[in-house]
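For reference, the structure discussed in these notes is given below.
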Amino acid sequence: MRGSKYLAEFLGTGILVAVVVGSGIMATKLSHDVGVQLLINTVATVFALGILITIFAPISGAHFNPVVTLAELPFKRISAIVAFLYIACQVLGGVGGAMVANLMFKEPAIYLSHKHRDGANLFLGEVIATAGLLLIIHLLDYQKRTGLAPMLIALWIGSAYFFTSSTSFANPAVTVARSMSNSFAGISIHSVPMFIAAQLVGATLGTTLALTFKKGEQYVS
């Protein structure tokens with residue numbers, strides 16, 4: 001059972017990416033309206049994310065995201081070697097999920113995206129999306145309300161699909177994987193570094209904000 005947590009991170013991230021990419025491809029087949037396409041992509045992602053966190057959290061913590069894993073290191077809630085293995089599983093699982101989604105829709109397993117996502121406004125959107133995600137995760141842990149994580153994390157990602165300019169990737173493993181699909185959900189490999197940089201900045205900001213709130217608890221009477 002020692003390897004079950006790594007399998008959970010691999011499988012959970014893979015399924016998540018398969019849902020994101022698969023629903024993105026399906027959305028373009030069902031409608032030519034970009035707003036409807038985004039709605040289809042969002043609903044599928046929110047439902048799947050809530051389910052995946054619920055079933056895999058007791059096994060691995062349901063990170064499915066390198067920045068979530070990295071944010072555990074300063075608090076010594078995970079060792080460096082486990083974090084490295086988690087991230088490897090997340091990236092490999094995500095790429096596998098993208099390949100499965102492509103094949104389901106009769107596309108090449110690896111179909112590099114041509115969809116460029118560049119600009120300072122998208123960088124800012126990714127910072128905000130990722131900062132909010134990490135803030136929620138840490139505050140739920142501090143407040144001992146982790147049972148709400150599946151719902152609140154899924155709802156945050158769903159809302160950020162609509163209110164952020166980047167449509168809330170908020171996950172380096174998912175970002176890399178989405179470059180493997182030339183679909184509505186895709187991202188050009190040339191845009192990936194900027195998105196990952198924004199996600200790292202956002203994760204640092206969200207974690208710092210959460211720590212600030214935690215330190216302020218002692219002053220609440």
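Things worth noting here:
- Residue within segment 166-188 that is without any contact (Cβ under 8 Å) to a residue 12 or more places away in the chain and either surrounded by 20 or more Cβ atoms within 10 Å (Cβ to Cβ) or small (Gly, Ala, Ser) (or both) present: no
- Single match in Leu139, Leu133 (criterion: within 24 Å of Gly93 (Cβ to Cβ) and either in contact with a Ser or Thr (Cβ under 6 Å, 6 or more places away or on another chain) or not basic (Lys, Arg) (or both)): Leu133
- Every residue from segment 101-125 that is of a type outside the set (S, T, N, Q) and farther than 22 Å from Gly22 by Cα: Asp118, Gly119, Ala120, Leu122, Phe123, Leu124, Gly125
- Among the criteria (1) farther than 28 Å from Val36 by Cβ; (2) modelled with pLDDT of 95 or more; (3) among the aliphatic types (A, V, I, L, M), the one Leu211 does not fulfil is (2).
- Among the residues of segment 85-103, just one is out of contact with any Ser or Thr (no Cβ under 9 Å at 6 or more places or on another chain) and farther than 18 Å from Ser179 by Cβ, namely Leu85.
- Matching option when the condition is of a type in the set (Gly, Ala, Ser), within 18 Å of Thr164 (Cβ to Cβ) and out of contact with any Asp or Glu (no Cβ under 6 Å at 6 or more places or on another chain), among Gly35, Gly50, Gly61, Gly96: Gly35
The values are calculated or read from the model by the stated rules, or taken from the named source; none is laboratory data. If you're wondering where the values come from, they're calculated on a predicted model, not measured in any experiment. In this analysis, Cβ positions are derived from the backbone assuming ideal geometry, glycine residues included, and neighbour counts consider all displayed protein chains.
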